[in-house]
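**Q** Okay, here's the structure, questions in a sec.
The values are calculated or read from the model by the stated rules, or taken from the named source; none is laboratory data. Note that the coordinates shown come from a computational prediction; the quantities given were computed from them, not determined experimentally. Because the Cβ atoms are built from the backbone with ideal geometry, glycine has one as well, and the counts that use them run over all protein chains shown.
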Amino acid sequence: MNTRRIIHRALEGDDSVLSNQQLWLCSTCYACQENCPHLVPITDIIIKLRNMAVRRNLILPEHLELARTLIKTGHGVPINKLFQKLRQSLGLSKNPSTVHSSPDALREIRTLIHSVGFDDLVGEKTEEIKSKSDNIECISEVDPDQEMEINYE
Ligand code: SF4
């Protein structure tokens, strides 16, 4: 990933960066932004570019699935049966005291998600997004049709 190049191309008006898979490789750790001697908001720019990409339905299937899982469960990575069993073997409750244990909290999250239009953005357009994701410039051997395994009950 070359963040500097992505931002430079974007500043030049090259909107092909929105369909470049490199845009999605940043883990948004903020290390570069916090250490930039010129106070360039690098990570914020990456996030802004991603927002623009998603509005054009340019999102990787893995991220789309994660977004839809967030809407469904209140977690990007929800607990699964394996971790529920592990928790119980340690004497813990089956689910952590997160949204998994609070239907009210899940309702609040969904209300928030709906109020900002996130569900419309990623929830209803699966087929369109999937077809457009074929236009994302892949730089690795990632299979764009690979399904994320979720064992959420
Ligand atoms: S936020 Fe972290 S992962 Fe993203 S470009 Fe900066 S240093 Fe790299």
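**Q** Would you check which residues across segment 19-43 are modelled with pLDDT under 95 and under 18 Å from Ile59 (Cα atoms) and list them?
**A** Matches in segment 19-43: Ser19, Asn20, Gln21, Gln22, Leu23, Trp24, Leu25, Cys26, Ser27, Thr28.
**Q** If Lys81 satisfies every condition in (1) without any contact (Cβ under 8 Å) to a residue 40 or more places away in the chain; (2) over 20 Å from the mean Cα position of the chain (by Cα) but one, which is the exception?
**A** Checking Lys81 against (1) without any contact (Cβ under 8 Å) to a residue 40 or more places away in the chain; (2) over 20 Å from the mean Cα position of the chain (by Cα), the one that fails is (1).
Residue-by-condition table, conditions (1) assigned by TED's automatic domain parsing to the domain that holds Leu106; (2) more than 16 Å from the ligand (Cβ to nearest atom); (3) in contact with a strand residue (DSSP E or B) (Cβ under 6 Å, 6 or more places away or on another chain); (4) more than 30 Å from Thr98 (Cβ to Cβ):
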{"position": "Glu12", "(1), (2), (3), (4)": "no, yes, no, yes"}
{"position": "Leu23", "(1), (2), (3), (4)": "no, no, no, no"}
{"position": "Tyr30", "(1), (2), (3), (4)": "no, no, no, no"}
{"position": "Ile45", "(1), (2), (3), (4)": "no, no, no, yes"}
{"position": "Asn51", "(1), (2), (3), (4)": "no, no, no, no"}
{"position": "Ala67", "(1), (2), (3), (4)": "yes, yes, no, no"}
{"position": "Ile71", "(1), (2), (3), (4)": "yes, yes, no, no"}
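**Q** May I pose another question? Within segment 16-57, count every residue that is in contact (Cβ under 8 Å) with a residue 24 or more places away in the chain, surrounded by 12 or more Cβ atoms within 10 Å (Cβ to Cβ) and in a helix (DSSP H, G or I).
**A** 16
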